[in-house]
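Before any comments, here is the structure.
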Amino acid sequence: FRRDSNNVPITVWNETIENTMQQYPIGGVVLFGENIDTAEQTKQLITDFQNHTTIPLFIGVDEEGGRVSRLHASGKLEVVEVPSAQKIGNTKDTKIAYDMASEMGKELVSLGFNVDFAPVADVNTNPHNTVIGDRAFSSDPIETGEMVIAFIHGLHANNISACVKHFPGHGDTTEDSHKGIAVAKHTLEEMQQSEWIPFKRAIEQGVDFVMTGHITTPNATTDNLPASLSYEMLTEQLRNHLHFQGIIITDALDMGAVTQYEDASFMAIKAGADMALMPFDLEKSYAHLCDAVKEGIISEQELNEKVKRILSLKYDKGYFENVVN
């Protein structure tokens with residue numbers, strides 16, 4: 001719901017959104033800078049989303065600080081200026097990371113958000129990286145992990161679910177996965193000793209979401225698929241090896257790195273993801289998944305396990321307390 005059919009930013013509830021939500025029981029919505037104008041407008045839009053569903057929604061946003069801040073897009077919201085992760089990391093002070101995330105969490109919850117697609121847990125191992133750069137706390141995995149944990153705790157203290165990204169690690173890439181395939185050349189062992197340390201720490205601290213990146217890892221997996229579509233990476237490594245029990249959500253599926261695949265949403269769910277973020281074609285993806293369950297390609301039990309993770313988090317966070325039946 002970023003823009004309407006005329007490419008105009010959506011800032012108020014409309015009939016198209018209502019029809020879509022009646023037809024497809026979506027689990028959440030992500031808002032971007034163009035959807036966020038004023039505080040009152042944002043609150044009303046989020047309220048309208050929640051009022052038009054029987055099961056409370058995840059309302060997510062990319063609010064990292066630094067150059068990735070949706071709340072600062074319009075210039076009309078009075079929100080705290082959070083520096084880039086790199087600047088926070090350079091202080092070596094985890095209390096600053098906690099305090100910044102806590103302030104951010106207060107602002108997000110006051111507007112109606114409940115999920116922040118942050119912090120970035122990538123280790124900035126490649127100085128030529130065009131996407132991550134100052135979005136990472138450090139080029140050192142241990143320091144990154146400490147900052148990531150503090151940031152998570154700051155968000156969680158305000159009942160905002162944190163989402164570490166972009167597993168298995170975007171810091172070693174040079175390409176931009178928004179535009180095409182990004183490649184991380186590290187082996188599985190090298191990832192375990194570097195990129196995965198912050199993710200492992202976050203998982204140990206009970207992070208609610210892990211976002212998967214559209215990153216191909218030719219020296220770590222054999223399927224030649226972006227990690228977000230890879231069973232080897234999502235199920236064998238993230239779920240089974242790193243023992244993540246929370247929600248696996250993809251990065252946006254309208255990005256250039258995955259739109260070449262016929263149905264990336266279905267591939268992601270089959271690979272082990274619980275939620276598909278911004279499917280390129282919602283109608284087609286929904287139909288494909290339903291057909292796959294009917295045909296036994298994905299078992300109903302698998303689907304139920306994914307739904308249970310989603311509903312369990314919503315229940316644990318208290319989303320259902322204000323629901324009137």
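The values are calculated or read from the model by the stated rules, or taken from the named source; none is laboratory data. Since we're looking at a predicted model, the values are computed, not measured. All Cβ positions, glycine included, derive from the backbone under ideal geometry; neighbour counts span all protein chains shown. Accessible surface areas use protein heavy atoms only, side chains included; no ligands, DNA or RNA. Shrake-Rupley method; radii C 1.70, N 1.55, O 1.52, S 1.80 Å.
Any chance you could run the full-extension gain for Tyr231 through Gln205? It's 0.36 nm times the residue separation minus the Cα-Cα distance, nm to one decimal. Could the numbers behind the result be given before it?
Values: separation 26, 0.36 × 26 = 9.36 nm, distance 2.43 nm.
So the extension gain works out to 6.9 nm.
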Quiz item: Considering the dipole of the range 140-243 built from charges on the beta carbon (Lys and Arg +1, Asp and Glu -1) around the Cα centre, which of Ile160, Thr187, Thr144 is farthest to its positive end?
Solution: Ile160
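What order, most packed first, do the peptides 232-238, 42-48 have when packing is the mean number of other Cβ atoms within 10 Å of each residue?
232-238, 42-48
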Exercise. With a point put 7 Å past each Cα toward its Cβ, work out how far Glu18 is from Glu81 in nm, to one decimal.
Key: 4.2
Exercise. Collect residues whose amide H, placed 1.01 Å from N in the peptide plane, falls under 5 Å from the amide H of Ser139; neighbours closer than 5 in sequence don't count.
Key: Asn124
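Let me check I've understood the local charge: for Thr222, count other residues with C-beta under 14 angstrom from its C-beta, Lys and Arg +1, Asp and Glu -1. What total comes out?
On the way: positive: none; negative: Asp223, Glu232, Glu236.
In short, -3.
Which percent of the accessible area of the chain is formed by carbon and sulfur heavy atoms (probe 1.4 angstrom)? Each step should come with its number before you reach the end.
Working: 7020 of 14580 Å².
In the chain, the share of accessible area belonging to carbon and sulfur is 48 percent.
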Quiz item: Once amide H atoms are built 1.01 Å from N in the peptide plane, which residues 5 or more positions from Glu63, or in another chain, come under 5 Å H to H?
Solution: Phe117
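Set the Förster radius R0 to 41 Å, insert the Cβ-Cβ distance between Thr38 and Ile142 as r into 1/(1 + (r/R0)^6), and round the FRET efficiency to 0.05. Walk me through the intermediate numbers first.
Numbers: r = 41 Å, r/R0 = 1.01.
For Thr38 and Ile142, the calculated efficiency is 0.50.
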Exercise. Could you tell me which of the pairs Lys270/Lys314; Lys43/Lys165; Lys43/Lys106; Lys76/Lys165; Lys95/Lys165 are separated by over 18 angstrom between their Cα atoms in the structure shown?
Key: Lys270/Lys314; Lys43/Lys165; Lys76/Lys165; Lys95/Lys165
Quiz item: Percent relative contact order of the range 76-149, based on C-alpha pairs within less than 8 angstrom and at least six residues apart?
Solution: 38
Quiz prompt | Label point at Asn240 placed 7 Å out along Cα→Cβ; residues across the range 143-174 whose backbone nitrogen lies under 18 Å | solution = 168
Practice problem: With all protein chains present, calculate the accessible area of Thr38 using a 1.4 Å probe and round the result to the nearest 10 Å². | Solution: 50
Exercise. Once you have the Cα-Cα distance between Leu311 and Leu282, take 0.36 nm times their residue separation minus that, and quote the gain in nm to one decimal.
Key: 8.4 nm
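Taking a probe of 1.4 Å, how large is the accessible area per residue of the chain, in Å²? If you can, show how the numbers build up before the last one.
On the way: 14580 Å² over 325 residues.
Per-residue accessible area for the chain comes out at 45 Å².
So between Thr54 and Lys185, what do we pick up on full extension, going 0.36 nm a residue minus the alpha carbon distance?
Extra length from Thr54 to Lys185 when fully extended: 42.7 nm.
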Exercise. Determine the order of His241, His288, His166 by accessible area, beginning with the largest, at a probe radius of 1.4 Å.
Key: His241, His288, His166
